[in-house]
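So the structure is just underneath, and the comments pick up after that.
The values are calculated or read from the model by the stated rules, or taken from the named source; none is laboratory data. Quick caveat, the model's predicted, so the values are computed rather than measured. With ideal geometry, Cβ positions are generated from the backbone for all residues, glycine too; neighbour counts draw on all protein chains shown.
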């Protein structure tokens, strides 16, 4: 699908909607956009897309955490451990120049806060969980992760980002310990709501709250 580019008046964030994109192609695009944001030739940019089924391993992934069945894994330069991406999961790559280059934790917390508001719009109570990044559901059924976050900051500009489980085939997580967390489960918006829900329903809400969150932590780029 050809990318759709939009911008919201009064913000410093451009939006690129790309549809379903192979992970490696999207990674190459991220790197190119990152270079342009670093150079000041492009505004801060949020990419929203889906990936065909793929496993990606962050820098902290250990050998025993990889799939044991020979499933291919793409090694990436983000933080965190191994995770899975697939259709029905909304992935966002915020590529923004941070106001404070050293405030990576604060950046992650802003993304979490935005995604928690997204969940609330659909009647799902998400929350932050101490030192564990991402958005969590915590109740009598146990702890389960509904959105994962993995970030890299280079030259003051972020890349990689978040993955919100909207309505994916959760079997993709079965070959791994997602994000290296063995004592908690993963879940999706569809599973929590007990009904189908689509990327098309969720995307505009994610755009709204990500604009708010990213605008608070990003430095305006005047082109």
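Read through the list (1) in contact with a strand residue (DSSP E or B) (Cβ under 6 Å, 6 or more places away or on another chain); (2) part of a helix (DSSP H, G or I); (3) free of Cβ contacts under 8 Å to residues at least 60 places away in the same chain, then give the number of the only condition that residue 105 fails.
Condition (1) is where residue 105 drops out.
Any residue in region 119-128 that is farther than 18 Å from residue 188 by Cβ, buried (at least 21 other Cβ atoms within 10 Å of the Cβ) and either touching a residue at least 12 places away in the same chain (Cβ under 8 Å) or in contact with a helix residue (DSSP H, G or I) (Cβ under 8 Å, 6 or more places away or on another chain) (or both)? Spell out how you get there, then give the answer.
Within region 119-128, the subset farther than 18 Å from residue 188 by Cβ is 128.
Still in the running and buried (at least 21 other Cβ atoms within 10 Å of the Cβ): none.
Checking region 119-128: not a single residue is farther than 18 Å from residue 188 by Cβ, buried (at least 21 other Cβ atoms within 10 Å of the Cβ) and either touching a residue at least 12 places away in the same chain (Cβ under 8 Å) or in contact with a helix residue (DSSP H, G or I) (Cβ under 8 Å, 6 or more places away or on another chain) (or both).
Here are 157, 186: which of them is in contact (Cβ under 8 Å) with a residue 40 or more places away in the chain and either over 20 Å from residue 77 (Cα atoms) or under 15 Å from the mean Cα position of the chain (by Cα) (or both)? Walk me through how you get there before you give the answer.
Numbers: 157 fails: either over 20 Å from residue 77 (Cα atoms) or under 15 Å from the mean Cα position of the chain (by Cα) (or both).
Being in contact (Cβ under 8 Å) with a residue 40 or more places away in the chain and either over 20 Å from residue 77 (Cα atoms) or under 15 Å from the mean Cα position of the chain (by Cα) (or both) holds for just one of 157, 186, which is 186.
I'd like to check something: does region 16-34 contain any residue that is buried (at least 18 other Cβ atoms within 10 Å of the Cβ), without any contact (Cβ under 8 Å) to a residue 24 or more places away in the chain and more than 14 Å from the chain's Cα centre (by Cα)?
Yes.
Residues are listed down the side, and each one gets a yes or a no for (1) in contact with a strand residue (DSSP E or B) (Cβ under 9 Å, 6 or more places away or on another chain); (2) surrounded by 18 or more Cβ atoms within 10 Å (Cβ to Cβ); (3) within 22 Å of residue 94 (Cβ to Cβ):
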position: 136; (1), (2), (3): yes, yes, yes
position: 144; (1), (2), (3): yes, no, no
position: 151; (1), (2), (3): yes, yes, yes
position: 167; (1), (2), (3): yes, yes, no
position: 187; (1), (2), (3): yes, yes, no
position: 195; (1), (2), (3): no, no, no
position: 218; (1), (2), (3): yes, yes, yes
position: 222; (1), (2), (3): no, no, yes
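List the number of the failed condition for residue 71; all other conditions in (1) modelled with pLDDT under 90; (2) under 25 Å from residue 208 (Cα atoms) hold.
Unmet condition: (2).
Residue-by-condition table, conditions (1) touching a residue at least 12 places away in the same chain (Cβ under 8 Å); (2) over 25 Å from residue 203 (Cα atoms); (3) part of a strand (DSSP E or B):
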{"site": "69", "(1), (2), (3)": "yes, yes, no"}
{"site": "77", "(1), (2), (3)": "yes, yes, no"}
{"site": "80", "(1), (2), (3)": "yes, no, no"}
{"site": "84", "(1), (2), (3)": "yes, no, yes"}
{"site": "90", "(1), (2), (3)": "yes, no, yes"}
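Hey, among the residues in region 36-62 that are outside any strand (DSSP E or B) and in contact with a strand residue (DSSP E or B) (Cβ under 6 Å, 6 or more places away or on another chain), which one's surrounded by the most Cβ atoms within 10 Å (Cβ to Cβ)? So that I can check it myself, show each step before the final result.
Going through region 36-62, the residues outside any strand (DSSP E or B) turn out to be 36-43, 51-53, 58-62.
The next check asks that each one be in contact with a strand residue (DSSP E or B) (Cβ under 6 Å, 6 or more places away or on another chain); those that pass are 37-38, 43, 51, 58, 61.
Working: 37: 24, 38: 15, 43: 20, 51: 21, 58: 20, 61: 21.
The qualifying residue surrounded by the most Cβ atoms within 10 Å (Cβ to Cβ) is 37.
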